[in-house]
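Here the structure is laid out as structure tokens; the discussion comes afterwards.
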Amino acid sequence: MLDATAGDDLRVVLEVEGVTLSFGGVNALLNVSLQVENGSIYSIIGPNGAGKSSLFNVISGLYRPQRGSVLFKGQDLTLLPAHKIAPLGLARSFQQVELFKGMTVIENLLLGRHIHMRAGLFSGGLFWGKAREEELRHRQVVEKIIDFLEIEHIREKTVATLPYGLRKRLELGRALALEPELLLLDEPMAGLNQEETEDMARFILDINQERRTTLLLIEHDMGVVMDISDRVAVLNFGELLAAGTPHAIQEHPAVIEAYLGAEDSVFPEGRSGSRNIL
Amino acid sequence: MSARYCGDYKTSYGQEMVLFQTFFSRLWILLFLIGLYTAPLYLNEYALYVCNLIGIAVIGALGLNILAGFTGQISLGHGAFLGVGAYASAYLVMDLGVPFFVALPCAGLIAACCGLVFGIPSLRLKGLYLAIATLAAQFIIEYLMVHVEGVTNGVLGKMVDFPSCLGFSFDTDQRYFYLVTTLALLATLITKNIVRTRPGRAFIAIRDQPVSAEVMGVNPFKYKLMAFAFSSFLAGIAGSLWAHYVTIITPEHFTLGVSIEYLAMIIIGGMGQIIGSIFGAVFMVLLPEVLRVASGALSGQFPVIVNLFAAIKEGVFGLIIIAFLIYEPDGLAHRWQLAKSYWKLWPFSQ
Ligand SMILES: Nc1ncnc2c1ncn2[C@@H]1O[C@H](COP(=O)(O)OP(=O)(O)O)[C@@H](O)[C@H]1O
Ligand SMILES: [Mg+2]
């Protein structure tokens, strides 16, 4: 486990400390604390309404918690507006896909490069020299993401014309374009078919391994969660029920009880056929 | 790569950024430009006058389209910002003796500052509430135009000279045509470049999905204000050009009605489409002229029409806008896209 030594600053990339968030007296989050290690895949599970998305909204600066704090790379995010958090290296996707519908795939991805670009009204308006060169350079980065996500065939398409599965994928791409150190994905597999789910799991693993990106996931597909996560946290009615390795979580009596109120395991076999591969 | 499909292949991303890509589109634009710049040779004074009004409207409509069409912030104060540009330019040139070509950008900048101030409510308000806030801007500026007589000469109107530069005066419709056309083309090019680069994507992102935009690092306050400032900058330029063309301006020229006419322009032309601003401006300037000519021709047989003209004009205007909202909500720009793709595939399209 982690102790409070200086070296931990590097190991723990995200630290949520005693976050409480309530909407008109209803606690969406109650004293939630968790620590996400650098380079890991950390999953949050829990029934609908447990407060998972609310936690993401607190981390990304959309909700302000009544109590507690969020530290990212040692910096306090709690009082920062959302647009100042992205440049620190934090990107996210949404449970309900929230793409820019009037833009093409390429434009959505280029918007993901916003914080890495400089052009303003003047240089953009002239589109000469530096601005042109910048546009070209970032276009190349975007094309790499297009290759990675295997969406070459739709690059010129407008989002409004895309099927749901591809939108989910594009939203992942837009977050990736930001080159985050920490990527929050809110139910990236929800509503996807078997094949799309497998693709998404592969992308997530690749992002984690090749880009060394830390991932914080919300996911309902237990097979996937247990398969790919280093750590799992369980939220229930806004409270953190348990956190630990997938193995420990599956055996955790409180978790089993909360999920079923029975002894039977609620967790299906993992994709690889093994429940405890991590 | 042994097999190649026939078609339009690009070998670099740079090639994709060229505005007019195919041989034919370049040929068309070249012919268009030649036709445009030789227009004074074959158009009469009246036609050139209409063209000048169109050019000025194009500049103003581009500005409003950036704000309303691309950034999704409604404004009912565009007419007032035109007025700010017009009076600023008139005051600078007539009272302070500033050369026109210095006063013109200054008028734009002064209008931009006003836009910035009156855009501040957009940080909190949206939709109808923002519309009301910008309506307040319209009325406040109208009030000032009437009452700050030291600058505007109030309801009596302010006389303005034709622009001149180094002894050359743009005092005929022909000369003004070159000035307006060049500036309208320049404004179109700059606006087009803005919307296809970083600031334009930020505008569209704020319109389409403000929460995602913010999470991706777009500062919504900054870009909304930028859109207000740029929009009123172009309004200011259009206002200045207008003032120096009609040579007498009164507060009545910059009323709420003008704001609504500009909104109608971008709705009819196409919101969020550069070319929509052009189509809309052409349409809205031509429509009353066409109606006037038509009623003039008919008045021989039906004298009563002349008396009815004012009423007919308003009615037809309203009907046309409603028809567009119902049948062509994406505006003339959308028709244009359809027509272009039709000809691309011709004769296989049917
Ligand atoms: N903006 C909001 N206003 C009021 N209540 C909210 C808001 N956002 C979330 N909640 C409430 O907080 C609780 C947790 O919701 P959420 O975080 O979306 O859960 P989950 O993502 O785990 O399904 C729910 O009871 C929900 O109704
Ligand atoms: Mg949720």
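The values are calculated or read from the model by the stated rules, or taken from the named source; none is laboratory data. The model shown is predicted, which means the values in this text are computed figures rather than measured ones. Ideal geometry is used to build each Cβ from the backbone, glycine not excepted, and the neighbour counts take in all protein chains shown. We work out accessible area using only protein heavy atoms, side chains counted, and drop any ligands, DNA or RNA first. Shrake-Rupley method; radii C 1.70, N 1.55, O 1.52, S 1.80 Å.
Under 7 Å by Cβ, and 6 or more places apart or on different chains, what pairs join a residue from segment A:35-59 that is at positive phi and assigned by TED's automatic domain parsing to the domain that holds A:V234 with one that is open to solvent by less than 10 Å² (accessible area, probe 1.4 Å) and away from ligand 2 (no atom under 11 Å from the Cβ)?
A:G39/A:T214; A:G46/A:V234; A:G51/A:L29; A:G51/A:G238
Residue pairs, Cβ under 8 Å, 6 or more apart or interchain, first in segment A:151-164 and at negative phi, second assigned to a loop (DSSP other than H, G, I, E, B) and β-branched (V, I, T). List them.
Pairs that qualify, where the first residue is at negative phi and the partner is assigned to a loop (DSSP other than H, G, I, E, B) and β-branched (V, I, T), are A:Y164/A:V97.
Please work out which residue is farthest from ligand 1 (Cβ to nearest atom), limiting yourself to segment A:206-227 and to residues that are out of contact with any Lys or Arg (no Cβ under 7 Å at 6 or more places or on another chain), in contact (Cβ under 8 Å) with a residue 40 or more places away in the chain and aliphatic (A, V, I, L, M).
A:L215
Which numbered condition in (1) touching a helix residue (DSSP H, G or I) at 6+ places or on another chain (Cβ under 8 Å); (2) within 16 Å of ligand 1 (Cβ to nearest atom); (3) not hydrophobic (A, V, I, L, M, F, W, C) is the only one that A:E187 fails?
(1)
Among the helices (runs of 4 or more DSSP H) confined wholly to segment B:18-88, which include 3 or more residues that are open to solvent by 10 Å² or more (accessible area, probe 1.4 Å) and hydrophobic (A, V, I, L, M, F, W, C)? It would help to see each step written out before you state the result.
Details: elements: B:23-37, B:39-42, B:45-64.
Of the helices (runs of 4 or more DSSP H) lying wholly inside segment B:18-88, those with at least 3 residues that are open to solvent by 10 Å² or more (accessible area, probe 1.4 Å) and hydrophobic (A, V, I, L, M, F, W, C) span B:23-37, B:45-64.
Can we say A:F94 is aromatic (F, W, Y), touching a residue at least 12 places away in the same chain (Cβ under 8 Å), assigned to a loop (DSSP other than H, G, I, E, B) and away from ligand 2 (no atom under 16 Å from the Cβ)? It would help to see each step written out before you state the result.
On the way: aromatic (F, W, Y): yes; touching a residue at least 12 places away in the same chain (Cβ under 8 Å): yes; assigned to a loop (DSSP other than H, G, I, E, B): yes; away from ligand 2 (no atom under 16 Å from the Cβ): no.
Here the answer is no, as A:F94 does not meet what is asked.
Which residues, taken from segment A:61-77, are open to solvent by less than 60 Å² (accessible area, probe 1.4 Å), of a type outside the set (S, T, N, Q) and not in a loop (DSSP other than H, G, I, E, B)?
Those that are open to solvent by less than 60 Å² (accessible area, probe 1.4 Å), of a type outside the set (S, T, N, Q) and not in a loop (DSSP other than H, G, I, E, B): A:G68, A:V70, A:L71, A:F72.
For segment B:118-142, enumerate the residues that are β-branched (V, I, T) and at pLDDT 95 or above.
Initial filter on segment B:118-142 (β-branched (V, I, T)): B:120, B:132, B:134, B:140-141.
B:I140, B:I141, listed by residue number.
Restricting to segment B:154-194, name every residue that is open to solvent by 50 Å² or more (accessible area, probe 1.4 Å), aliphatic (A, V, I, L, M) and not in a helix (DSSP H, G or I).
Correct list: B:M159, B:L166.
Is it the case, given these coordinates, that A:L183 is within 14 Å of chain B (Cβ to nearest Cβ) and either closer than 27 Å to A:L88 by Cβ or surrounded by 14 or more Cβ atoms within 10 Å (Cβ to Cβ) (or both)? Spell out how you get there, then give the answer.
Details: within 14 Å of chain B (Cβ to nearest Cβ): yes; either closer than 27 Å to A:L88 by Cβ or surrounded by 14 or more Cβ atoms within 10 Å (Cβ to Cβ) (or both): yes.
Taking the combined requirement at face value, the residue satisfies it.
Give the residues of segment B:182-239 that are within 7 Å of chain A (Cβ to nearest Cβ), of a type in the set (K, R) and within 20 Å of B:L109 (Cα to Cα), sorted by residue number.
none
Tell me the residue from A:G89, A:G125, A:G74, A:G102 that is at pLDDT 95 or above and either of a type in the set (K, R) or more than 16 Å from ligand 2 (Cβ to nearest atom) (or both), please.
Working: A:G125 fails: at pLDDT 95 or above; A:G74 fails: at pLDDT 95 or above; A:G102 fails: at pLDDT 95 or above.
None of the other options fit; the residue is A:G89.
Among the residues in segment B:117-133, are any surrounded by fewer than 24 Cβ atoms within 10 Å (Cβ to Cβ), in contact with a helix residue (DSSP H, G or I) (Cβ under 6 Å, 6 or more places away or on another chain) and on the phi > 0 side of the Ramachandran plot?
Looking for residues that are surrounded by fewer than 24 Cβ atoms within 10 Å (Cβ to Cβ), in contact with a helix residue (DSSP H, G or I) (Cβ under 6 Å, 6 or more places away or on another chain) and on the phi > 0 side of the Ramachandran plot, one finds none in segment B:117-133, hence no.
Conditions (1) over 18 Å from the mean Cα position of the chain (by Cα); (2) farther than 20 Å from A:T213 by Cα; (3) away from ligand 1 (no atom under 13 Å from the Cβ), marked per residue:
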site	(1), (2), (3)
A:V26	yes, yes, no
A:G51	no, yes, no
A:L55	no, no, no
A:S60	no, no, no
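Looking at B:T255, is it more than 14 Å from chain A (Cβ to nearest Cβ), touching an Asp or Glu at 6+ places or on another chain (Cβ under 7 Å) and open to solvent by 20 Å² or more (accessible area, probe 1.4 Å)? Talk me through it step by step, then tell me what you get.
Working: more than 14 Å from chain A (Cβ to nearest Cβ): yes; touching an Asp or Glu at 6+ places or on another chain (Cβ under 7 Å): yes; open to solvent by 20 Å² or more (accessible area, probe 1.4 Å): yes.
Considered against the rule, which asks whether it is more than 14 Å from chain A (Cβ to nearest Cβ), touching an Asp or Glu at 6+ places or on another chain (Cβ under 7 Å) and open to solvent by 20 Å² or more (accessible area, probe 1.4 Å), B:T255 comes out as yes.
So A:L136 passes all but one of these: (1) open to solvent by less than 10 Å² (accessible area, probe 1.4 Å); (2) more than 30 Å from B:L109 (Cβ to Cβ); (3) outside the structural domain of A:R211 (by TED's automatic domain parsing). Which condition number does it fail?
(1)
So that you can scan it fast, the table gives a plain yes or no per residue for (1) small (G, A, S); (2) within 26 Å of A:L110 (Cα to Cα):
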{"residue": "B:L104", "(1), (2)": "no, no"}
{"residue": "B:I140", "(1), (2)": "no, no"}
{"residue": "B:G157", "(1), (2)": "yes, no"}
{"residue": "B:Q174", "(1), (2)": "no, no"}
{"residue": "B:L186", "(1), (2)": "no, yes"}
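Okay, residues lined up against (1) among the aromatic types (F, W, Y); (2) part of a helix (DSSP H, G or I); (3) under 21 Å from the mean Cα position of the chain (by Cα); (4) more than 11 Å from chain B (Cβ to nearest Cβ):
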position: A:K84; (1), (2), (3), (4): no, yes, yes, no
position: A:P87; (1), (2), (3), (4): no, yes, yes, no
position: A:R118; (1), (2), (3), (4): no, no, no, no
position: A:R139; (1), (2), (3), (4): no, yes, no, no
position: A:H153; (1), (2), (3), (4): no, yes, no, yes
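Name every residue in segment A:116-141 that is aliphatic (A, V, I, L, M) and farther than 29 Å from B:A187 by Cβ, in order of residue number. Steps first, answer last, please.
Looking only at segment A:116-141, we keep the residues that are aliphatic (A, V, I, L, M), and these are A:117, A:119, A:121, A:126, A:131, A:136, A:141.
The one that is aliphatic (A, V, I, L, M) and farther than 29 Å from B:A187 by Cβ: A:V141.
For A:S123, only one of the following conditions fails: (1) free of Cβ contacts under 8 Å to residues at least 60 places away in the same chain; (2) of a type in the set (S, T, Y); (3) more than 9 Å from chain B (Cβ to nearest Cβ). What is its number?
(3)
Which one of these does A:V12 not meet: (1) within 16 Å of ligand 2 (Cβ to nearest atom); (2) at pLDDT below 95?
Answer for A:V12: the failing condition is (1).
Which residue out of A:V32, A:V58 is within 16 Å of ligand 2 (Cβ to nearest atom) and part of a strand (DSSP E or B)? Talk me through it step by step, then tell me what you get.
Numbers: A:V58 fails: part of a strand (DSSP E or B).
Exactly one residue qualifies, and that residue is A:V32.
I'm told A:I45 meets every condition in (1) within 12 Å of ligand 1 (Cβ to nearest atom); (2) in contact with a helix residue (DSSP H, G or I) (Cβ under 7 Å, 6 or more places away or on another chain); (3) within 14 Å of another protein chain (Cβ to nearest Cβ) except one. Can you identify the failing condition by its number?
Looking at each condition in turn, A:I45 falls short on (3).
In segment A:193-221, which residue that is open to solvent by 10 Å² or more (accessible area, probe 1.4 Å) and within 16 Å of ligand 2 (Cβ to nearest atom) is farthest from the other protein chains (Cβ to nearest Cβ)?
Per the stated criteria, the residue is A:D221.
Suppose we keep only residues that are assigned to a loop (DSSP other than H, G, I, E, B) and open to solvent by less than 10 Å² (accessible area, probe 1.4 Å) within segment A:99-112. Which one would you say is nearest to the other protein chains (Cβ to nearest Cβ)? Explain how you work it out, then say what you get.
Here is the first cut: in segment A:99-112, the ones assigned to a loop (DSSP other than H, G, I, E, B) are A:99-103.
When the remaining residues are screened for being open to solvent by less than 10 Å² (accessible area, probe 1.4 Å), the result is A:99-100, A:103.
Working: A:L99: 7, A:F100: 4, A:M103: 6 Å.
Filtering segment A:99-112 for residues that are assigned to a loop (DSSP other than H, G, I, E, B) and open to solvent by less than 10 Å² (accessible area, probe 1.4 Å), the one nearest to the other protein chains (Cβ to nearest Cβ) comes out as A:F100.
Of the residues in segment A:29-57, how many are open to solvent by 10 Å² or more (accessible area, probe 1.4 Å) and among the β-branched types (V, I, T)?
Residues flagged as open to solvent by 10 Å² or more (accessible area, probe 1.4 Å) and among the β-branched types (V, I, T) within segment A:29-57 amount to 0.
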